[in-house]
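Down below is the structure, laid out as C-alpha cells.
The values are calculated or read from the model by the stated rules, or taken from the named source; none is laboratory data. The shown structure was predicted, so the numbers you read here are calculated from the model rather than taken from an experiment. Note that each Cβ is placed from the backbone with ideal geometry, even for glycine, and that neighbours are counted across all protein chains shown.
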Amino acid sequence: MELILVVVGAIVVTAMAHRRGLEPALIIVMVGIAVSFLPGFEAPELDSHILLTVVLPPLLYSAALDFSFPTFMRNIKPILGLGVGLVVVTAVVVAAVSSWLVVVPLTFATALVLGAVVAPPDAVTAVAVGRKLGLPKRMMAILTGESLINDAAALTLFSIAVAQVVGTHTFIENPVLLFSYSAVVGPLVGALLGYVTLWIRRRLANPGLETIQGLLVPFAAFIAAEHIHASGVLAVVVAGFVVGNGALGAGYQTRLQERYVWNSVDVLLEAFVFAYIGLHLRFVLEDLREAHESLAQVALASGVVLLIVLVIRPLSVFLMFGRGLLSHQVEKRFSVPAPPGGRGALGVRRRSRPVAKWRSMIDRRRLTWQENLVVSWTGMRGVVTLAAAAAIPATTVSGEPFPERATIQAIAFVVSVGTLLLQGWTLPFLIRRLRLSRFNDDHDADRNEEIKAEHVVYSAADQVLTEFRANPPAGMDPRVLAEIGERVARHSQDADEMPDPEAHTKRSAVFSALYRDVLAAQRAALIIERDEGRIEDEAVRAMLDRLDLQEAGVSARLESRL
C-alpha cells in the first residue's frame, strides 16, 4: 500500500511540475525530503537487489530501443571515455582522497567501495533537460550513450571492491579478467535474447502479445546475465539495440503501441525513483546517528566527496575533449602547410594511410568549448548510486559488520541529492546562458535533414511504383492499375474511395500489397541512409513515426467502413 501511495504522489507532483514548467525530478526529491520529516512517517523499504532488477533494466532498455546503434558507434570514443574511463577515474580518485584524508576511518578497499558507488552519473535528468531545451543532437547522443554503459562499469567495479572487503571469492579472482569477462559475455547474452525476441515476434503476429513480450525482455536479459556473473546492464542495452533495430519487421501497431507503453513506463519509474530518494533522507540520518558519535565528521567527508565528484568531471572532460580543441587552435595558429611529401613546421612528415571502414564511421568532430562545459556539468547521480549503496552487505565473511557501511550510505545520499540539486537546478540556466540550444537558430539544419528524409521516402516510393507499372499483375484492367498507382503515390487516399479490405477482390488485394511494398521500401531506405551516416537519426525516426501514423490512419479509415 505504501508503494502505491508513493507512486500516486510522485505522479501528482510530476503533473504539477509539468504544468508550471519545472523539472519534475528536482521537485519530487524536495517534496520527498519534506515528507520524510513528518511525524510518524515510515518510508517504504525495498530490497536493493529488487530496486536494481526492477527499476534499472526497463529504463536502460527503453533508452536503447530509441537509440540508433550506428549513432552509438559514431560517437564511441567520447561515450567510452565518459562511460568507462571517467567512471574508473572517479572511483579511484574518491577512494584515494577519502582514505588519505582520514576524515572518517576508511581503508583504501572500503573507500573504493564508496568510489564505485558515487562514480556513475544518472543521465536521466540531463537528457530530459537537454531534450526540452534542444541541446545539439551530437551532445544528446553522447550523453545518452554514456548513460547506457556507465552503470555497467560502476557496478562491475563495485562487485570487485565489495568482494575484496567482505573476503568472498569472486567468479574470477583476477579483477581485470573479471571486468573483461563481464564486458564481453554480457553483450553476448543480450544479443542472443534480442534475436530470440525478434524470432518469437515474427511468429506471434499479435500487437498485444508482442508488447507484453517486450516488457519482459529487459528483466530476462538482466537476470540471465547476472546469473552467469556477466554484466546485466550491458545485456539489457544490447538487447535493446537488437530489438530496436529489428522493430521494422514488426507491424505498425506494435511499434506505435510499444512507443507509448515505454514512455509511460519511463515516467512512472523515474517519478518513483526520485520520490524514493527523497523519502529516505531522515532514515539515513537516523542510521548514521546510531553508528557514529559525530555527524560533523560524516558531513565533512560527504562535502569532500561531493566536491571531488563535482570537480573531477570537468577536469576529465577537458583532458579528453578540450585538449584536442586547444591543440587544434595552436596548430592552426602556428603551423605552416607541409609541402607534398615534405615535413610540417614541427618536422613531422604527414602520411596518408587508408582508413578502415569501421574507423571511417567514427565522428571525429571536436566539441566546442560551450559543449564541453555543458557535458562537464551533467554529472547528476541517481538510482544506481543509491541502490548500490543499499546493496552493500551488512557483514563480512567472518561475521563482522561491514566497515563504515552507514557512512558510505550517508555519503552516497548526500552526493546524489547534492549533485541533483546543484547541477540539476543550474543546468538549464547554463544551457540558456551559453545559447547552446539548437532552438536558438532558424532551424535550417533540422529542416535540411527533414528534406533529406522526405527525398529518400519519395525516391523509394517511385522505385516501387515504377516496378509495379513495369510488371503489373496479370488479368486486371490497365485503368484500374493506373488508378491504384496514382492513389498510392499521392498518399492522400479517401477511405470512401478505397476498396473494401473485407471484399477480397483482386483490386483490394493489389492495392493492399502495393501499399505495403511502398511503406516497406521507404522504411528500409531510411534505415540504410541512417546507418551510412547520410541522415541524422532524429530525422529518420521522425519520418518513420510519420509513416507508422500514416499507415495507422489509412487502416483506421478502411476499418471504419465495416
message: Condition first: crowded, with 16+ Cβ neighbours inside 10 Å and either under 29 Å from the mean Cα position of the chain (by Cα) or without any contact (Cβ under 8 Å) to a residue 24 or more places away in the chain (or both). Now tell me which residues in the range 155-179 satisfy that.
response: LEU155, THR156, LEU157, PHE158, SER159, ILE160, ALA161, VAL162, ALA163, PRO175, LEU178, PHE179
- prompt: What about ASP496, is it within 29 Å of GLY134 (Cβ to Cβ), at pLDDT below 65 and either surrounded by 14 or more Cβ atoms within 10 Å (Cβ to Cβ) or not aromatic (Phe, Trp, Tyr) (or both)?
  reply: no
- prompt: Is at least one residue of the range 337-346 assigned to a helix (DSSP H, G or I) and modelled with pLDDT under 85?
  reply: no
- prompt: Of the residues GLY240, GLY244, which is buried (at least 18 other Cβ atoms within 10 Å of the Cβ), assigned by TED's automatic domain parsing to the domain that holds ILE172, farther than 30 Å from PRO175 by Cα and in contact (Cβ under 8 Å) with a residue 60 or more places away in the chain?
  reply: GLY244
query: Going by the structure shown, is TYR276 out of contact with any helix residue (DSSP H, G or I) (no Cβ under 6 Å at 6 or more places or on another chain) and more than 27 Å from THR156 (Cα to Cα)?
result: no
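Let's see how each residue does on (1) within 24 Å of TRP425 (Cα to Cα); (2) in a helix (DSSP H, G or I); (3) in contact (Cβ under 8 Å) with a residue 12 or more places away in the chain:
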| position | (1), (2), (3) |
| --- | --- |
| GLY9 | yes, yes, yes |
| ALA15 | yes, yes, no |
| HIS18 | yes, yes, no |
| VAL31 | yes, yes, yes |
| PRO39 | no, no, no |
| GLU45 | no, no, no |
| THR53 | no, yes, yes |
| PRO57 | no, yes, yes |
| SER62 | no, yes, yes |
- prompt: Only one residue in LEU315, LEU386, LEU326, LEU319 is within 23 Å of the chain's Cα centre (by Cα) and either at pLDDT 80 or above or assigned to a helix (DSSP H, G or I) (or both), so which one is that?
  reply: LEU386
message: Considering only residues that are surrounded by fewer than 22 Cβ atoms within 10 Å (Cβ to Cβ) and within 16 Å of ARG313 (Cα to Cα), which ones fall in the range 409-422?
response: GLY418, LEU422
Residues of the range 226-256 that turn out to be more than 19 Å from the chain's Cα centre (by Cα) and either among the hydroxyl-bearing types (Ser, Thr, Tyr) or more than 20 Å from ARG530 (Cα to Cα) (or both), as a count: 10
